[in-house]
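The values are calculated or read from the model by the stated rules, or taken from the named source; none is laboratory data. Note that this is a predicted model, so its numbers are computed, not measured. Cβ atoms come from the backbone with ideal geometry, glycine included; neighbour counts cover every protein chain shown. When the accessible area is computed, the model is the full protein with side chains, heavy atoms only, and any ligands, DNA or RNA have been set aside. Shrake-Rupley method; radii C 1.70, N 1.55, O 1.52, S 1.80 Å.
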Amino acid sequence: MKKIFPMIVFSCMTAVVLLICIYRSLQQEDAAGGTPEIADAVLGAENMQKDAAWEAAMTADVTPGMALTTGAAAEETDMTVAADATPETDMTVAEDATPETEAVAAWEKETTWETEAEWDEIKRVALTFDDGPHPVYTVKLLNGLAERGVQATFFVIGENIPGNEEIIARMDQEGHLIGNHTYDHVKITDLSVEAACEQVERTSALVKEITGKDTEYVRPPFGSWRKDLECSFEMILVLWDVDPLDWTTCNVSDVVRRVLEAVGPDDIILLHDYYESSVDAALLIVDALMEQGYVFVTVDELILE
Ligand code: NI
């Protein structure tokens, strides 16, 4: 399918070009006394060809993870590979005649098995921070992450939000994912269904007031969760793979070492932005893992794979 698709697009485009040539020659005939009906018929056929090309493009079996979008105007073919595919494959077909074939060639080249295998080999890891926001340490962490161009996931406590609304807004603006860590750090399994929902709903409402988004990703304190919860918004449970117990020590290098010894591709690392030592450790962990070729993603990118 991967090879057939560009061939279909190419064939249809070739047909369109041929029809344009016929149409133009008929137009010249028309100027010299040809019948306008023939020209109209050719134009109609040409449009049908275009429609068929778009139909093929829209219904084609595109490789998972790649989205094919077409512009509203029929003349503009805007083929974009979604951000979760390789970023270089963003190609736009210009309006003039030749670039279509170049774009098809580029498309074919970029969607080979080799590049997909390379994509699968990317070592992804998600940094997650519980218990914030903290007015000082979370800001320090956001500064460090911004300097490194890294996004993380923050499971915030509702009662820490009032007074720190700007920090929540900044997390959202800078591409971090904001998750829910209950309103006042309770053990969900100790509560009734109603009380448990109130815990996550209060926090989600505070975040939504700032960002306009619900906190779909929930990390329950102590990792204890009850599956029978159906609250007012969709919830996705997020636990972790690497827990350095950062809150048990102020020793930055201990935290760094514990994480680096345990981490592997597709892991979720648990840290707390409520302690300065954890924040300092987190930035050292980022530097070390970047050097090892890791790419930092938010938890939704690991969980929804
Ligand atoms: Ni916690």
Exercise for review: Return yes when THR138 is open to solvent by less than 30 Å² (accessible area, probe 1.4 Å) and modelled with pLDDT under 80 and no when it is not.
Suggested key: no
Review point. Which residues, counting only those in the range 227-246, are within 21 Å of ILE268 (Cβ to Cβ) and either in contact (Cβ under 8 Å) with a residue 60 or more places away in the chain or not hydrophobic (A, V, I, L, M, F, W, C) (or both)?
Key: LYS227, GLU234, ILE236, VAL238, TRP240, ASP241, ASP243, PRO244, ASP246
Practice item. Answer yes if at least one residue in the range 176-193 is within 18 Å of ILE161 (Cβ to Cβ), more than 16 Å from the ligand (Cβ to nearest atom) and either hydrophobic (A, V, I, L, M, F, W, C) or open to solvent by less than 50 Å² (accessible area, probe 1.4 Å) (or both), and no otherwise. Key: yes
Practice item. Considering each residue of the range 267-281, count those that are of a type in the set (Asp, Glu) and either open to solvent by 70 Å² or more (accessible area, probe 1.4 Å) or free of Cβ contacts under 8 Å to residues at least 12 places away in the same chain (or both), and give that number. Key: 1
Check your understanding: Do we have any residue at all in the range 209-221 that's in contact (Cβ under 8 Å) with a residue 60 or more places away in the chain, surrounded by 16 or more Cβ atoms within 10 Å (Cβ to Cβ) and among the aromatic types (Phe, Trp, Tyr)?
Key -> yes
Review point. Residues of the range 208-223 being within 16 Å of the ligand (Cβ to nearest atom) and touching a helix residue (DSSP H, G or I) at 6+ places or on another chain (Cβ under 7 Å), which ones?
Key: THR215, TYR217, VAL218, PRO220
Exercise for review: Identify all residues within the range 117-131 that are under 27 Å from PRO220 (Cβ atoms) and away from the ligand (no atom under 16 Å from the Cβ); write none if there are none.
Suggested key: ARG124, VAL125, ALA126
Point to revise | Count of residues meeting criterion [open to solvent by less than 10 Å² (accessible area, probe 1.4 Å) and within 16 Å of the ligand (Cβ to nearest atom)] in the range 194-206 | key: 3
Exercise for review: Just one of (1) more than 15 Å from the ligand (Cβ to nearest atom); (2) not in a helix (DSSP H, G or I) trips up HIS134, so point out which.
Suggested key: (1)
Exercise for review: Check whether at least one residue in the range 224-239 is under 18 Å from THR138 (Cβ atoms), open to solvent by 70 Å² or more (accessible area, probe 1.4 Å) and within 16 Å of the ligand (Cβ to nearest atom), and report yes or no.
Suggested key: no
Review point. Has the range 142-160 got any residue that is at pLDDT 95 or above, under 20 Å from the mean Cα position of the chain (by Cα), part of a strand (DSSP E or B) and away from the ligand (no atom under 16 Å from the Cβ)?
Key: no
